[in-house]
Every structure is written in C-alpha cells, then in structure tokens.
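Trainee: The structure is given below, and queries will be raised subsequently.
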Amino acid sequence: MVKAVVVNRDQELADRQADILRGAGYEVEMCDGPERLNCPVLTGLPCPVVDRADVLVYDAWIAGSSDGGKQLIAELRDTYADLPIVLTSVDRSLDWVETEGPHRVTPLVGEASEEAILMAVSIALADQGMAV
C-alpha cells in the first residue's frame, strides 16, 4: 500500500485531504509541520515520518511564510531527492515553486477538488526517481 504523509496548517483541510487519500486506498499519516513541531528536515536531518512516506502532500504555507516554504521544500529535496511532493495551497505569490529540476514539486493551486488531489498524487508518484 502506498503511504502518503499529509502536512497542512489547516487541520480541517488536512483531515479532508487524508480522507480523500484513504478513500482511494492510500495509507495516510499526518504531521503538524514545522510551526508546531521541531522539524528535523529544517536542520538538515532526516525525518522518521518522511522516511516512511511514498509521497508527501505539503501545504505550501506550512512553514508560515513563502520564504519558509521555499526553505522547507529545498531542505526536503536536499534530503529526499526522489520523494514525490505534492504542494498544495499554491498561489501566484509563490514564485519559487519549481516543476522541474532538483527542487521540483507537483503544485496544486488553491483548494483542490478530490479529483485534482488524486491526479496530483498520481503524477507525483509517476515522477518518482526523475531528479535532475
């Protein structure tokens, strides 16, 4: 079974995303993110929750700001180069979001529908191992 880790600053959205993924047959683990927990990834260390994941579904704003999100994704990519990442809550102000190269993610703009979340996870999983 594919394991997804959902990280979202909005608990209601995190629960909704987790329910969608569970309904599609994914095993889901939740994480409160770096604003509520000490995040080992932000200090260049591996994370036991991320270590168990096949795909990450991360809120772009989980680190509290655009710069925080950019740093978190860069650290995740540096530590987990081939782990698929779906980045939710993406908007135009996030000019750092990359869809190719070493810091690539699969972005979801705004609050995504069930179909959009499942499609993004599928695309991200298909991209696994495609680090440049």
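Trainee: Scanning the range 96-109 for residues that are touching a residue at least 24 places away in the same chain (Cβ under 8 Å) and part of a loop (DSSP other than H, G, I, E, B), which turns out surrounded by the most Cβ atoms within 10 Å (Cβ to Cβ)?
Mentor: Here the answer is 105.
Trainee: If you go through the range 38-72, how many residues are under 11 Å from the mean Cα position of the chain (by Cα), hydrophobic (A, V, I, L, M, F, W, C) and modelled with pLDDT under 90?
Mentor: Residues in the range 38-72 being under 11 Å from the mean Cα position of the chain (by Cα), hydrophobic (A, V, I, L, M, F, W, C) and modelled with pLDDT under 90: 4 in total.
Trainee: If you don't mind, another one. Does residue 71 satisfy the criteria of being part of a helix (DSSP H, G or I) and over 21 Å from residue 127 (Cα atoms)? Even if it seems obvious, please write down each step before you answer.
Mentor: Values: part of a helix (DSSP H, G or I): yes; over 21 Å from residue 127 (Cα atoms): yes.
Criteria met by residue 71.
Trainee: Anything in the range 1-48 that is part of a helix (DSSP H, G or I), of a type in the set (Gly, Ala, Ser) and more than 23 Å from residue 68 (Cβ to Cβ)? List them, or say none.
Mentor: Quick first cut of the range 1-48, residues part of a helix (DSSP H, G or I) only: 11-23, 40-43, 48.
From what is left, the residues that are of a type in the set (Gly, Ala, Ser) are 14, 18, 23.
23 - this is the single residue of the range 1-48 that is part of a helix (DSSP H, G or I), of a type in the set (Gly, Ala, Ser) and more than 23 Å from residue 68 (Cβ to Cβ).
Trainee: Given the criterion among the small types (Gly, Ala, Ser), surrounded by 16 or more Cβ atoms within 10 Å (Cβ to Cβ) and part of a loop (DSSP other than H, G, I, E, B), identify the matching residue among 124, 112, 81, 120. If you could, list the steps in order and put the result at the bottom.
Mentor: Numbers: 124 fails: part of a loop (DSSP other than H, G, I, E, B); 81 fails: surrounded by 16 or more Cβ atoms within 10 Å (Cβ to Cβ); 120 fails: part of a loop (DSSP other than H, G, I, E, B).
When all the criteria are applied, what remains is 112.
Trainee: Separate question: List the number of the failed condition for residue 72; all other conditions in (1) free of Cβ contacts under 8 Å to residues at least 40 places away in the same chain; (2) more than 25 Å from residue 12 (Cα to Cα) hold.
Mentor: For residue 72, the exception is condition (2).
Trainee: Report, by residue number, each residue of the range 21-73 that is surrounded by fewer than 12 Cβ atoms within 10 Å (Cβ to Cβ) and on the phi > 0 side of the Ramachandran plot.
Mentor: Result: 25, 44.
Trainee: A further question on this structure: Would you say residue 26 is hydroxyl-bearing (Ser, Thr, Tyr), modelled with pLDDT of 95 or more, within 23 Å of residue 118 (Cα to Cα) and in contact with a strand residue (DSSP E or B) (Cβ under 6 Å, 6 or more places away or on another chain)? Outline the logic, then answer.
Mentor: On the way: hydroxyl-bearing (Ser, Thr, Tyr): yes; modelled with pLDDT of 95 or more: yes; within 23 Å of residue 118 (Cα to Cα): yes; in contact with a strand residue (DSSP E or B) (Cβ under 6 Å, 6 or more places away or on another chain): yes.
For residue 26, the condition - hydroxyl-bearing (Ser, Thr, Tyr), modelled with pLDDT of 95 or more, within 23 Å of residue 118 (Cα to Cα) and in contact with a strand residue (DSSP E or B) (Cβ under 6 Å, 6 or more places away or on another chain) - is met.
Trainee: OK, next. With the condition kept exactly as written, say whether any residue in the range 76-83 is touching a His at 6+ places or on another chain (Cβ under 8 Å) and farther than 20 Å from residue 20 by Cα. Steps first, answer last, please.
Mentor: Let us first name the residues in the range 76-83 that are touching a His at 6+ places or on another chain (Cβ under 8 Å), namely 77.
Next cut, farther than 20 Å from residue 20 by Cα only: 77.
Yes; the residues of the range 76-83 include at least one that is touching a His at 6+ places or on another chain (Cβ under 8 Å) and farther than 20 Å from residue 20 by Cα.
The values are calculated or read from the model by the stated rules, or taken from the named source; none is laboratory data. As the structure is a computational prediction, the values presented were derived from the model and not from experiment. Every residue, glycine among them, receives a Cβ derived from its backbone with ideal geometry; neighbour counts consider all protein chains shown.
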